[in-house]
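Asker: Following this message is one structure expressed as structure tokens.
The values are calculated or read from the model by the stated rules, or taken from the named source; none is laboratory data. Everything quoted here is computed from the prediction, not taken from an experiment. Cβ atoms come from the backbone with ideal geometry, glycine included; neighbour counts cover every protein chain shown. Accessible surface areas use protein heavy atoms only, side chains included; no ligands, DNA or RNA. Shrake-Rupley method; radii C 1.70, N 1.55, O 1.52, S 1.80 Å.
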Amino acid sequence: QVQLVESGGGLVQAGGSLRLSCAASGRALSAYVAGWFRQAPGKEREFVAAISRGGGSINYADSMKERFAISRDNAKNTVYLQMNSLKPEDTAVYYCAATTAFYNPIERNKYDYWGQGTQITVSS
């Protein structure tokens, strides 16, 4: 099975940018569809973006597709989330996830493996 570790979180001012990384180990990330989710305090974990094994198919949550970009480098076993024009409402713990599904799921229960999460705090 694959293990996932997120990095790149932190504190940023509104309007700023961050890039999250998700490094995989234990098995090649290219065997999985990868996704990003986030969970704000008191809210359910929500879908952010997903990318197919080869990177040719990408899905975004409607509210984030203009500002966020998911990508992957299978040679480095890493998935990225570039976040631009950040807003205070983007404050959340961001999770990387992987699935053996043959499509890009938006449902969290379709993902088999999860990282521990990384905190993003956007100040106004």
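Asker: So is Leu11 farther than 22 Å from Lys110 by Cβ and either in a strand (DSSP E or B) or among the basic types (Lys, Arg) (or both) or not?
Answerer: Criteria met by Leu11.
Asker: Within the range 55-83, work out how many residues are closer than 22 Å to Lys43 by Cα, open to solvent by less than 30 Å² (accessible area, probe 1.4 Å) and at pLDDT 95 or above.
Answerer: Final tally of qualifying residues: 4.
Asker: Of all residues being assigned to a strand (DSSP E or B) and among the aliphatic types (A, V, I, L, M) in the range 84-114, which is most open to solvent (accessible area, probe 1.4 Å)? Just the residue, please.
Answerer: Out of the qualifying residues, it is Val93.
Asker: Quick check on this structure: which one of Ile58, Ile106, Ile120 is in contact with a Gly (Cβ under 9 Å, 6 or more places away or on another chain) and farther than 17 Å from Glu6 by Cα?
Answerer: Going through Ile58, Ile106, Ile120 in turn, the sole match is Ile106.
Asker: List, please: which pairs have Cβ atoms under 6 Å, are six or more places apart or on different chains, and start with a residue in the range 18-45 that is farther than 17 Å from Lys110 by Cβ and open to solvent by 30 Å² or more (accessible area, probe 1.4 Å) and end with one that is assigned to a strand (DSSP E or B) and of a type in the set (S, T, N, Q)?
Answerer: Arg19/Gln82; Ala23/Thr78; Ser25/Gln3; Gly26/Gln3
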